[in-house]
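Comments concern the structure below.
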Amino acid sequence: MAASILDALQTSRTVIAAELRPPRAELEAAAGIEAWIDTYHAVRRLSAGGTYVFLTDSAVGTAEEDNLRHLVANLGSDVPRDRVVPFLTCKHPLAYCLSYAERAHQHGFPALVVLGGDRSVGVPRCVEHAWELRQRIREQEPSLVLGGWANPHADAAAQMRYLLDSSFSAEFYLTQIVSHHDRERVSAFLDRSAKAGVTAPGMFGVFYYRSANPSTLDALARFLPVPVAALRAEFASGATPQEICARTLRSLLDLGARHFYISNLPLAGASRTLGEILELVGVAA
């Protein structure tokens with residue numbers, strides 16, 4: 001049996017996870033089926049290689065297919081549930097969110113990441129803050145391991161108060177996307193975390209930038225901190241997407257970060273691309 005995500009975070013030197021985005025809900029039937037086939041293959045290959053997989057929920061405000069329903073219906077028994085961690089945002093009716101957590105538990109998923117969801121786009125949240133939903137889920141499904149959220153780009157002291165508050169209601173957390181161009185903020189976050197005595201393990205978000213396309217980078221910058229000018233310079237110098245991603249991982253490791261999730265890997269070659277990145281860094285998945 002695979003180690004749960006929490007066990008791995010608490011005992012492993014480094015944990016690498018891949019964050020995948022399910023197909024958009026508005027895709028026509030044929031396109032949606034094809035997209036889900038690519039998703040299944042990516043999840044199977046990544047998990048078979050020992051990588052934990054996060055599946056997003058309504059990323060950047062765009063309605064996505066019910067990730068849990070498709071996982072249960074199509075992954076079968078060959079993918080350990082311990083290796084797959086669904087996301088749930090607050091951008092659904094409360095009854096749906098509580099039912100989702102119940103379904104996750106019933107179908108053997110031991111962990112769930114519960115996030116607020118972008119306020120600026122899409123439908124409103126069912127609660128003001130994600131911790132409120134995590135508390136409700138904890139009351140209903142106390143055995144689920146819950147993941148929360150932190151932001152190294154925000155005030156570090158305030159983030160520590162948030163992580164240490166008893167209402168946080170999460171055993172681990174993910175962070176907003178950071179890069180090697182954010183060393184000072186990541187260093188401050190790690191330093192504050194150590195001094196404050198935060199014990200919940202964190203996973204730093206790393207984005208796989210595929211190109212320096214200006215419209216793409218500008219669109220991404222609406223939802224996450226993107227070092228647009230620096231990335232354009234790196235691509236212009238001849239760096240590959242894998243090399244740029246590896247630079248971020250190596251920089252964060254050198255600062256003392258231990259665990260990471262990588263977003264935006266290409267579905268069709270997620271496992272291969274991740275392997276190329278980690279080979280450059282010199283770590284295993």
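A short reminder: the numbers here are calculations on the coordinates, not readings from a lab. In this text, all values refer to a predicted model and were calculated from it rather than measured experimentally. With ideal geometry, Cβ positions are generated from the backbone for all residues, glycine too; neighbour counts draw on all protein chains shown.
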(request) Report, in whole Å, the centroid distance computed from the Cα atoms of the stretch 207-251 and the stretch 167-184. (result) 19
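Percent of alpha carbon pairs in the stretch 194-285 separated by more than 22 Å?
Numbers: 1345 of 4186 pairs.
Pairs farther apart than 22 Å: 32 percent.
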(request) Tell me which residues come under 5 Å, amide H to amide H, from residue 115 once H is placed; ignore anything under 5 positions away on its chain. (result) 88, 89, 90
(request) Taking the Cβ of residue 135 as the centre, find all other residues whose Cβ is under 14 Å away and add up their charges (Lys, Arg: +1; Asp, Glu: -1). (result) -3
(request) Excluding residue 206 itself, calculate the net charge of residues whose Cβ lies under 12 Å from the Cβ of residue 206, where each Lys or Arg counts +1 and each Asp or Glu counts -1. (result) 0
(request) Report, in deg cm²/dmol and to the nearest 500, the calculated mean residue ellipticity at 222 nm for the chain, where each DSSP H run with n ≥ 4 adds -39500 (n - 2.57) and the sum is divided by the residue count. (result) -13500 deg cm²/dmol
(message) What is the sum of charges, Lys and Arg at +1 and Asp and Glu at -1, for the other residues whose Cβ falls under 12 Å from the Cβ of residue 162?
(response) 0
(message) For a test of the definition: using alpha carbon positions, the gyration tensor, and the 1.5 limit on a/c, classify the stretch 100-232 as rounded, prolate or oblate.
(response) oblate
(request) Give, as ranges by residue number, the residues of the stretch 242-267 whose backbone N falls under 20 Å from the point 7 Å along Cα→Cβ of residue 211. (result) 242-246, 263-267
(request) With a point put 7 Å past each Cα toward its Cβ, work out how far residue 96 is from residue 128 in nm, to one decimal. (result) 2.3
(message) Please list, ordered by chain and number, the residues whose modelled amide H lies under 5 Å from the amide H of residue 203; skip anything fewer than 5 residues away on the same chain.
(response) 173, 174, 175
(request) Averaging sequence separations of C-alpha pairs under 8 Å and six or more residues apart, then dividing by the length of the stretch 137-285, give the relative contact order as a whole percent. (result) 23
(message) Averaging over every viewing direction, what projected area does the convex hull of the Cα atoms of the chain cover, in nm²?
(response) 14.2
